[in-house]
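Laboratory data are not the source of any read-out in this text; all were calculated from the coordinates shown. Source: prediction; values computed, not measured. Cβ atoms come from the backbone with ideal geometry, glycine included; neighbour counts cover every protein chain shown.
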Amino acid sequence: MPRSSEHTVKAFDDDIGELRALVSEMGGLAETAIGDAIHALTRHDLETANRILDEDVRIDELEAEVERLAVRLIALRAPLADDLREAVAAIKIATVLERIGDYAKNIAKRVPIFDHRVDIEPLSILPAMAQIVQEMVHNVLDAFAARDAEMARMVIERDSAVDDFYDSLFRALLTYMMENSHNITQSTHLLFIAKNLERVGDHATNIAEMVYFAATGEYLEDRTAGETHMADIEELEE
Amino acid sequence: MNDATDTQAAPEAKPATDEPLVDPASLKMTARNVDVYYGDKQAIDDVSIDIGMDNVTAFIGPSGCGKSTFLRTLNRMNDTIPIARTSGQIELDGEDIYDPDMDVVQLRARVGMVFQKPNPFPKSIYENVAYGPRIHGLAGSKSELDQIVEKSLIRAGLFEEVKDRLDDSGTALSGGQQQRLCIARAIAVDPEVILMDEPCSALDPIATAKIEELIHELRGKYAIVIVTHNMQQAARVSQRTAFFHLGNLVEYGETSELFTNPHQERTKDYITGRYG
């Protein structure tokens, strides 16, 4: 949503700019971590996996920084209307990005489990799935930066593709495990990884809903009504 | 100016639903197509608004937007300004308050007012409150008058602080106490509507909080309309807020909605501090 003008108090603009920059930085790190984690997994790159674990600390720090800054902004500037919605969205988005970082970390932690000798076919599907969720995270942060409700809505639409990926991986892995019980351990780990990516897609969707609200002041109607994905069913059981 | 049933274009409110902003059952005052001129200069341009009994209504807007001028039309306070000219229709319980037969003194008892600067009479605390009921003949005896004074001071949250010195001068009180005395004075004549024009702008934060608490307590007993420059105050004390700009009523809505999701660009710019 375009801004009509700057705040009369310029320092207010500076504070909001700083808050947005922090959220963008966090988003960039989380997005990269997801891509790198899958990359490390498919290439058995232990070095990258370890780096992801280290960098997750920075994401956690940024989350605390966003929260501090947003609370200070609310206390000192008493923001209203879109400024208020944006400050609240920043806190919520930071929390979600921290979770996305954790999923990347989870995936990275599993890298040592898969060595070069393992050639599980479903493993080759993961990069494509990761690509989509990475783009969702990337686009939703662009939408936040541009206060673009329409772009946020488009991110949400992509989530069903992620769910479809998860559903097909789930079936493939199940078949794999039934064929040979030696496959069960690694297949289960892969299933967890797929689930992590699927959750990242859900989180990107949550962020999109927050961006939409921050930009328009309206809530998006419930997107999942009537859909039953394998992914959704498991969430209920979680 | 006499057709109460004619529901002309609703105020420029943008409620999400088709329901009127003010429940017809609680409707206290209605203004339709009100214009106010000071000489040649138009201060209020075609303002229509409903004031409900069941809540506090805040008028906000930049200086010179007309919010105080409009407030003063609600009890014909602008009549005291020779060059002011008001047209349109304003009703109190369906009664046209600009009707030539309207007793203005009586009207101002029904629609009381509290001003920006506390303005107690240079008389005792007791006399400040007793004056109105006495001239309006609301008390039949001294003891009845005593009761009205006490009840009004209690309602205004001042009684405990002044009960032992009711004969002291009202002007000797602190600013916050003086303002509550003025509210007690307004309450004493048993009004239906209380108009407050920046009642806290001369008070410190503690005295302000006491007035705000008082407004909260008085809600529902009287229809309260408050003009304030302090948006946080409007957000704290009111349930409905009207935003005025350049003599127009730009937006009128639920306070919680107006401050989180204003529908008009001008409202948003003003409340977020991007005005001008």
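Could you give the semi-axes, largest first, of the ellipsoid that matches segment A:153-209, computed as the square roots of 5 times the alpha carbon gyration tensor eigenvalues and rounded to whole Å?
28, 11, 4
Using Cα centres only, tell me the gap between segment A:114-164 and segment B:81-113 in whole Å.
65
Distance cut-off 28 Å, Cα to Cα: go down the list B:K67/B:K151; B:K28/B:K210; A:K10/B:K210; A:K92/A:K195; B:K151/B:K210 and report the pairs above it.
The pairs that break the limit, which is 28 Å between Cα atoms, are B:K67/B:K151; A:K10/B:K210.
Hull surface divided by four, with the convex hull built on the Cα atoms of the protein assembly as shown: how many nm²?
Mean shadow area of the hull around the Cα atoms is 30.5 nm².
Of B:K142/B:K221; B:K163/B:K221; B:K221/B:K268, which sit over 30 Å apart, Cα to Cα?
B:K221/B:K268
In whole Hz, with x marking every Gly and Pro, tabulate ³J(HN,Hα) for segment B:119-126 from phi via Karplus 6.51 cos²θ - 1.76 cosθ + 1.60, θ = phi - 60°.
10, x, 5, x, 9, 5, 4, 4
Between A:A145 and A:A21, what length comes free when the chain is fully extended (0.36 nm per residue of separation minus the Cα-Cα distance, one decimal in nm)?
On the way: separation 124, 0.36 × 124 = 44.64 nm, distance 0.86 nm.
Extra length available between A:A145 and A:A21 comes to 43.8 nm.
Quick check: pseudo-label points 7 Å beyond the Cα along Cα→Cβ at B:S201 and A:M154, how many nm apart are they?
Label at B:S201, label at A:M154, 4.9 nm between them.
Between A:A128 and A:A78, with labels modelled 7 Å along Cα→Cβ, what's the label distance in nm to one decimal, could you check?
The two pseudo-label positions are separated by 5.6 nm.
Compute the separation of the alpha-carbon centres of segment A:167-210 and segment A:1-46 and state it in Å as a whole number.
27
Identify the trypsin sites (Lys or Arg not before Pro) of segment B:75-135 meeting these criteria: DSSP loop state and at most 16 other C-beta atoms within 10 Å of the C-beta.
B:K123
Give me the log10 of I(q) over I(0) for segment A:10-237 at q = 0.14 Å⁻¹, as the Debye formula computes it from C-alpha points; what are the numbers?
The calculated log intensity ratios at q = 0.14 Å⁻¹ are -0.86.
Starting from the Kirkwood radius over alpha-carbon pairs of chain B, derive D by Stokes-Einstein at 25 °C in a medium of 0.890 mPa s and give it in µm² s⁻¹.
128
Given a cut-off of under 8 Å on Cα pairs at least six residues apart, what relative contact order in percent is computed for segment B:26-269?
Averaging sequence separation for qualifying contacts and normalising by length gives 28 percent for segment B:26-269.
Compute the orientation-averaged projected area for segment B:30-102 from the convex hull of its Cα atoms and round it to one decimal in nm².
Taking the Cα atoms of segment B:30-102, their convex hull projects to 5.1 nm² on average.
Could you derive backbone 3J(HN,Hα) for segment B:135-150 from the dihedral phi with the Karplus parameters 6.51, -1.76 and 1.60 (θ = phi - 60°), listing whole Hz in sequence and x where the residue is Gly or Pro?
Karplus values, whole Hz, x for Gly and Pro: 5, 8, x, 8, 10, x, 8, 4, 5, 5, 5, 4, 4, 4, 4, 5.
On full extension of the chain, what length is gained from A:L46 through A:R171, given 0.36 nm per residue of separation minus the C-alpha to C-alpha distance?
Details: separation 125, 0.36 × 125 = 45.00 nm, distance 2.85 nm.
Value of the extension gain: 42.1 nm.
Looking only at Cα atoms, what is the convex hull volume of segment B:144-246 per residue, in Å³?
Residue-normalised Cα hull volume stands at 110 Å³.
Which residues in segment B:237-251 place their backbone N less than 17 Å from a point set 7 Å from the Cα of B:D46 along the Cα-to-Cβ direction?
Under cut-off, by backbone N: B:244-251.
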